[in-house]
Amino acid sequence: MLATLIPLFDHNTNVCAYSIFAQKENFLLNPRMLGVGRYDGASNIEGMEIVENMGLNTISDDKMVFIEMNNVSLFSDISGQCTAPHDKLVLLIDKDIPPEEKYINRIQELRGDGYKFAIRKLPVNQFENYKEILKMVDYVLLNHKKIDITKAKVYFSRMYPNVKLVAVNVNSKDDFEVLREGGGYDVYEGDFFRTPVKHGEEEIAPLKANYLELLNIVNDVDFDLSDAADIIGRDPALVISLLEMVNRMTVNAGITSVRHAAAMLGQKELKKWINTAVTKELCADRPSEIMRVSLIRARFAENLSVVFEMAGLSSELFLMGLFSVLDVILEQPMAEALEMVKVSKEIRQALVDKTGSFAPVYDFILQYENASWQEVSRQMVLMNINENTIYKAYVDALRWYKELFEIKHK
């Protein structure tokens, strides 16, 4: 199985939900799945299986989750496949579910059980035919490039006032700003939140400069633990985080200072912790999804090191993933952002030029998180990679990310 999470944002770029996009089979290895075979076992809903296996909090931190449905799975035992609260699940349908009585009745039944509904890929000329279904959906996903939102806003506010409109394929910050200012949409989905920065600010804020100094120290070939500890000591948030980490790893260690805590971790673990913790702090004034992308990419890249026969470079791949949105975090073009931290030539080549030995791993991660399953499948066939290996690597990254934020609550 392959699966990824696509975030949906509100006007303030806060994540309000995630869509699970999953593919159970590699269609390039199983061509019959491209035909009627794709309905084999269709009553088993991959998205539900993922939520049930991982837990809703691991996936969405108690946010709503959109799960794809088809005309077969809609009639399956949905509550039996997933025990998550019904009001947190949004069943996502499309025009392949016709506005016929049996489907209308089933949607009405599921709504009575507490499930929410969303519909996508519905042509404008079919709105009237789908009016009985549109009366029951909570979200309508619209391709903002193919619809006049002014007219759509009037139509939906008059005909379906309780429906929230979702703009999909919002792939630039300019598009997002125009759509947000124009009104009409309630939720947005697309790459706009991680669009590469082309022009940077003239100065980096003093606090961020402090963090960058720390990154430069620990990413040097042979850094001094004491130098790193002294900079950590300037920031209460980092001190608290460091002590929590050390206390998790040791019992009754009697930590007496920041330098002592740094020594307890050792150079290798301290370097990894600092890169992770500092990235979290650098993201403090960015949309929360930026931090999530950075950290999940880091762990995913580290996990993929074995798959790409680079096990000895797992730490470097971790950094590549971690710094893959450094341009967005620092609001500087990537080449300039990487000048502020000490990274290897391989990381720079991958993130700036999309070349070098790390580039295939980076490209694979981007294709995977965008649910470009055909390209992901093609690459897996070429490298003879099993899809379950990739799925486990991604799920581990999600769980690791969740655990990072559980430390403070223990």
In the stretch 73-107, anything among the polar types (S, T, N, Q) and within 17 Å of LYS135 (Cβ to Cβ) is listed as ASN105
Name the pairs whose Cβ atoms lie under 9 Å apart, with the first residue in the stretch 348-359 and touching a residue at least 60 places away in the same chain (Cβ under 8 Å), the second buried (at least 17 other Cβ atoms within 10 Å of the Cβ) and of a type in the set (Ser, Thr, Tyr), and 6 or more positions between them or separate chains? none
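Of all residues in the stretch 70-101, count the ones that are assigned to a loop (DSSP other than H, G, I, E, B) and hydrophobic (A, V, I, L, M, F, W, C).
First, the residues of the stretch 70-101 that are assigned to a loop (DSSP other than H, G, I, E, B): 70-72, 76-77, 82-85, 95-100.
If we keep only those that are hydrophobic (A, V, I, L, M, F, W, C) too, we end up with 72, 82, 84, 97.
Of the residues in the stretch 70-101, 4 are assigned to a loop (DSSP other than H, G, I, E, B) and hydrophobic (A, V, I, L, M, F, W, C).
Considering only residues that are within 26 Å of the chain's Cα centre (by Cα) and more than 28 Å from ASN105 (Cα to Cα), which ones fall in the stretch 127-166?
Within the stretch 127-166, the subset within 26 Å of the chain's Cα centre (by Cα) is 137-146, 163-166.
Scanning the stretch 127-166 gives HIS144, LYS145, LYS146.
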Hits in the stretch 170-201 (condition: in a helix (DSSP H, G or I), modelled with pLDDT of 85 or more and in contact with a helix residue (DSSP H, G or I) (Cβ under 8 Å, 6 or more places away or on another chain)): LYS173, ASP175, PHE176, LEU179, GLY182, PHE192
For the stretch 130-139, check the following and say yes or no: at least one residue is in the same structural domain as PHE9 (by TED's automatic domain parsing), among the acidic types (Asp, Glu), surrounded by fewer than 16 Cβ atoms within 10 Å (Cβ to Cβ) and under 29 Å from ARG399 (Cα atoms). no
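The values are calculated or read from the model by the stated rules, or taken from the named source; none is laboratory data. Just so you know, these numbers come straight off a predicted model, no measurement behind them. For neighbour counting, all protein chains shown are included, and Cβ atoms are generated from backbone atoms with ideal geometry for every residue, glycine included.
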